[in-house]
């Protein structure tokens, strides 16, 4: 590492010294011939002309036109981007693991339990000033680059003082006004903050904070009184009893303010943004599993489910900026808290077990918190431009009292509590992740005689992520005085009552880290990256611009599992991967006309496994009700990227582009769905041998002024915006290829052909992505209306664990939205009213397996339509 870093920095210093010598060459005499200057590209927007890369830019105006609430929704309007689970972005068919999100150029921590990539639904649109989506790699960015880099830019200090208020209301046809599942929880749940009802039980904190809850007959066990005190200290009815209530509509409010002033010491500005959102979502659907059958598939389990989720999100941003001459220093502080309160029921019929009907009841509460502070600066020092930034961030995810209990249903309608195994689970999980990063970038305009313009860039970066995740699992089991005829039919809060605990009818048992949960109770994971780069941007010849860069990265990534009750004993399992990479990148831009140019790019990049994919800890995905477990033996993915794009610009913000791309992937990560003995899917991950992905992109955006003779039509400016992406991918599997699996806690290396077929497409990749926007705007009336159509074709959600079973496929389909905005004044105040209608086609969520002409829905549900109104005022 030290040798390579030193080589890069010395090379940069040598280039700088050499070109400084050019700077000392005297200028030609006054009578010398002046070179003819050719100016092209004057119709190409500055933001496009200033980058040598293939990139897309999402502006505030774009987000407002589409009416999107958060960054994840807004990014789906960009060419080649699709959204998965409402929060993870796929770029060019590559999963979220291959698309890194930055905030003002700095990496972000993630509050997801087994994932290093941050979900972008956390970022409300109100805090964003724009977003850059770079699809070709350049050496100044992190080497983790597969589909692209998404750089979220937050709002900064304003040019003039303002205060802005906004409120909104919305309804959902599947949810609002209907009777949905819920549970009491605590009196303050509506705020997104629990009042203590879900705190780790006092009995555990007092008697079993560092030892398991086992009776005194076991080594290190509790006394009988302590053992029962722990069980009694669990919150009962408020969290266990599911009920139905009328579901309200959704609401939100935003407030932002900014102020700037000029002083003798420069310009000082400040901005603050706060938002609150409270929404409900009901899902009713089907989850089936299958087994191989003659000529196709047979149904193994047939389940229906209903879930009702209340999402409450708070966010705040504070920004300070100071500018003087050619110096700027900026501070950004960000706080986001997102809470989900969820109640659900799954009714499962196990056909393989004589049509046994079992109902599973769930009450859940998830808190996701992001805190981030960033200090950055830009300076002009002599002939050098200096940029620097330092960031510290922290995320947390707390899931107290994840409750699940099961009852068997008899033909006469009677219920019987199931108490064996893991049928009465109570889980507590806590995740904390910290990230620190620092970057410095230097740029120097090289006075080189044989090219028109040349700029040397060099820099260094450091990043360190550290994560700790702890999980404790408990179950209720039969006590020595258990009488099924008397107690098995009791309601859940009576069944686990203090009386039954005291009378030894029911007992609490800890499952933490046991074979029943099949996971590590505690794991630590981390990633430390040090990097340096050097890059030269140059106008090689008139109208021909080139960029050549080289980045060196060294990284240590580790995951280790620990005994939660004996951390001092050291790790149970530990794996550290240390890798060094030299990553070249080159782009060429030919500006052959005043409004047209061609771009070409080639690079080598990497993709590191995410914590979710490496951590051997059990995690329930509430969207699919599947258990996810990581594979600590995953390896890095290596990319070779080739891009080309033609661009034509009609005027600022109006263009047509046509592009093509190709990527060769070595050891891509795939998801594997394993059918468990209980008939439910469990999901893990592995490295496939290799894959190719290629495709093309088309983009068109233009405003039209019509002359039809109709006043209503002619006084409006009409918008047509269309983008389409075709992507194809092929897995490459050869004889002798193996994969590494860790399904049971023991690593195995089966032949790759046992799980994969060459020529299959990558998991998560859709062949077709399309977006269409049709709208108008009337500047005089201050009105704007847009119809938005989004299409995403089928994609593989997860591989099946057997070639006899087809893969799980998602079909997002077509979605149509309508957004209308109008500006007006009330007593001299600027006001904006908005109306939005979402999913007008009523497209439902579909995930299925299909073979032999039969289709089985593995996770399909109704989505419905939503309608919202909003009002904002600026002072």
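Read-outs: derived from the displayed coordinates by stated rules, not from any lab. Since this is a predicted model, take the numbers as computed values, not measurements. We place every Cβ from the backbone using ideal geometry, glycine too, and count neighbours over all the protein chains shown.
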> Among 582, 54, 84, what is the fewest-to-most ranking by other Cβ atoms within 10 Å?
Replying inline: 582, 84, 54
> Under a plain spin-label model, where a point goes 7 Å from the Cα along Cα-to-Cβ, how far apart in nm are residue 193 and residue 692?
Replying inline: 5.8
>> Here are labelled values, [x] 200; [y] 246; [z] 313, and one is the computed volume of the Cα convex hull per residue in Å³ for what I pasted. Which one?
In response: [x]
>> Please compute the modelled spin-label separation between residue 245 and residue 357, points set 7 Å along Cα→Cβ, answer in nm with one decimal.
In response: 2.8
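So how do 136, 858 line up by other beta-carbon neighbours within 10 Å, fewest first? List each step's numbers first, then the result.
Values: 136 29, 858 23.
Listed from fewest to most nearby Cβ atoms, that is 858, 136.
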> Between residue 718 and residue 394, what FRET efficiency comes out of the Förster formula 1/(1 + (r/R0)^6) with R0 = 56 Å and r the beta carbon distance, rounded to 0.05?
Replying inline: 0.75
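Sort 753, 199 by Cβ crowding within 10 Å, fewest neighbours at the top.
Numbers: 753 17, 199 14.
If I rank by nearby Cβ atoms, fewest first, I get 199, 753.
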> Which of rounded, prolate, oblate describes the range 627-777, given a ≥ b ≥ c as roots of the alpha-carbon gyration tensor eigenvalues and a/c under 1.5 marking rounded, otherwise prolate only if a/b is larger than b/c?
Replying inline: prolate
> Once every DSSP H run of n ≥ 4 in the chain is given -39500 (n - 2.57) and the sum is divided by its residues, what mean residue ellipticity at 222 nm do you get, rounded to the nearest 500 deg cm²/dmol?
Replying inline: -2000 deg cm²/dmol
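Calculate, in nm to one decimal, what residue 324 and residue 826 gain on full extension: separation in residues at 0.36 nm each, minus their alpha carbon distance.
Details: separation 502, 0.36 × 502 = 180.72 nm, distance 3.77 nm.
Stretched fully, the residue 324-residue 826 segment lengthens by 177.0 nm.
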>> On a full-extension model of 0.36 nm per residue, what is the gain between residue 211 and residue 650, subtracting their alpha-carbon distance, rounded to one decimal in nm?
In response: 151.1 nm
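How much FRET efficiency would the formula 1/(1 + (r/R0)^6) give for residue 544 and residue 412, where r is the Cβ-Cβ distance and R0 is 51 Å, rounded to 0.05?
Details: r = 82 Å, r/R0 = 1.61.
So, using R0 = 51 Å, E works out to roughly 0.05.
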> Given labels modelled 7 Å from the Cα in the Cβ direction, how far is it in nm from residue 747 to residue 331?
Replying inline: 4.7
> Taking 0.36 nm per intervening residue step and subtracting the Cα-Cα distance, what contour gain separates residue 706 from residue 569 on full extension?
Replying inline: 41.7 nm
>> Rounded to the nearest 5, what % of DSSP beta bridges with both residues in the chain are antiparallel?
In response: 95
>> Which residues among the range 392-426 fall inside the zone where the amide N is under 19 Å from a point 7 Å beyond the Cα of residue 477, along Cα→Cβ?
In response: 404-407, 417-426
> Using Cα pairs under 8 angstrom and six or more residues apart, how large is the relative contact order of the chain, in percent?
Replying inline: 12
> So, in Å, what gap is there between the alpha-carbon centers of the range 355-423 and the range 589-639?
Replying inline: 21
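In whole percent, what relative contact order does the range 179-326 give with Cα contacts below 8 Å and a gap of six or more residues? Display every interim value, and only then the final one.
Numbers: 238 pairs, mean separation 33.9, N = 148.
So the answer I get is 23 percent.
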